[in-house]
Amino acid sequence: MRQIIFDTETTGLNPKEGHRIIEVGAIEIINRRKTGRTFHRYFKPDREVEAGALEVHGITNEFLSGQPRFGEVVNELLEFLAGAELVIHNASFDVSFMDAELERLKHKARMSDVCQIYDTLVLARKMHPGQRNSLDALCKRYEVDNSNREYHGALLDAELLLDVYLAMTGGQDSLVLDEAHVGLSGAGTDGWVRPQGQLPVLMATAEELTAHEKVLEKLDKESGGKTVWRKLSS
């Protein structure tokens, strides 16, 4: 499955007020593994960055003045995103800005036409109701190191979200094989070979059988004689 961890930085909070995207960061993963392909661009917004936004991401008007406009890169970006499932934290924010940029260019496509959207904020609220579920809070909860995050940044935040997403949906350790997880033959779990020869059969001792029967008797009493084990072994 092809997924892209996606994030943006903007000049302000509301695209309906004319605020623009100034940075896009995207990381491609296939079957939950990084492919090495990323998309990272800054954009000249043709408007000032609000002071509040500058405090969050630290991207200055002076720096952006030398960057390409969104329309100059849009086809490359859409080609990178096409057909993937986008994993975004608070997806409504980023998608609304992307759609506004496309509409401004009179582009026929919208984000829902290009790719599927998976919102990790929605997932986090289901998993941790009533708790803080910002990206920083999730990094702390899942022990993802965000000590280098002095400012928000689209690619940096996408990297953090990738680690958080893997932890939230199953954990990274079970998904990425390294040398410690590969057998002596060099094969991973898919190449595991059953040992040759007859496998030993270990029988329970009399003491173990007696202990087992006592447990069943206790379960019989507590379940009113509906112990599943009795039915299976009869």
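Tabulated data for the structure shown
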read-out: Some residue of the stretch 26-35 being at pLDDT below 95 and surrounded by fewer than 20 Cβ atoms within 10 Å (Cβ to Cβ); value: no
read-out: Residue within the stretch 48-64 that is acidic (Asp, Glu), in contact (Cβ under 8 Å) with a residue 24 or more places away in the chain and in the same structural domain as Val122 (by TED's automatic domain parsing) present; value: yes
read-out: Which listed residue, of Gly58, Gly52, is surrounded by 14 or more Cβ atoms within 10 Å (Cβ to Cβ) and out of contact with any Cys (no Cβ under 9 Å at 6 or more places or on another chain); value: Gly58
read-out: Any helices (runs of 4 or more DSSP H) falling wholly within the stretch 130-234 and containing at least 1 residues that are surrounded by fewer than 11 Cβ atoms within 10 Å (Cβ to Cβ) and at pLDDT below 70; value: 206-223, 228-233
read-out: Residue check, Glu23 over 25 Å from the mean Cα position of the chain (by Cα) and more than 18 Å from Ile117 (Cβ to Cβ); value: no
read-out: Pick from the stretch 79-104, criterion in a loop (DSSP other than H, G, I, E, B) and not aliphatic (A, V, I, L, M), ranking: farthest from Pro45 (Cα to Cα); value: Gly83
read-out: Residue in the stretch 109-126 that is free of Cβ contacts under 8 Å to residues at least 24 places away in the same chain and touching a Leu at 6+ places or on another chain (Cβ under 7 Å) present; value: yes
read-out: From the options His40, His107, residue that is within 21 Å of the chain's Cα centre (by Cα) and either among the hydrophobic types (A, V, I, L, M, F, W, C) or not in a helix (DSSP H, G or I) (or both); value: His40
read-out: Any hit, the stretch 58-78, residues being in a helix (DSSP H, G or I) and among the aromatic types (Phe, Trp, Tyr); value: yes
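The values are calculated or read from the model by the stated rules, or taken from the named source; none is laboratory data. Computed from a predicted model, the values in this text were never measured in an experiment. Heads up, the Cβs are rebuilt from the backbone with ideal geometry, glycines too, and the neighbour counts pull from every protein chain shown.
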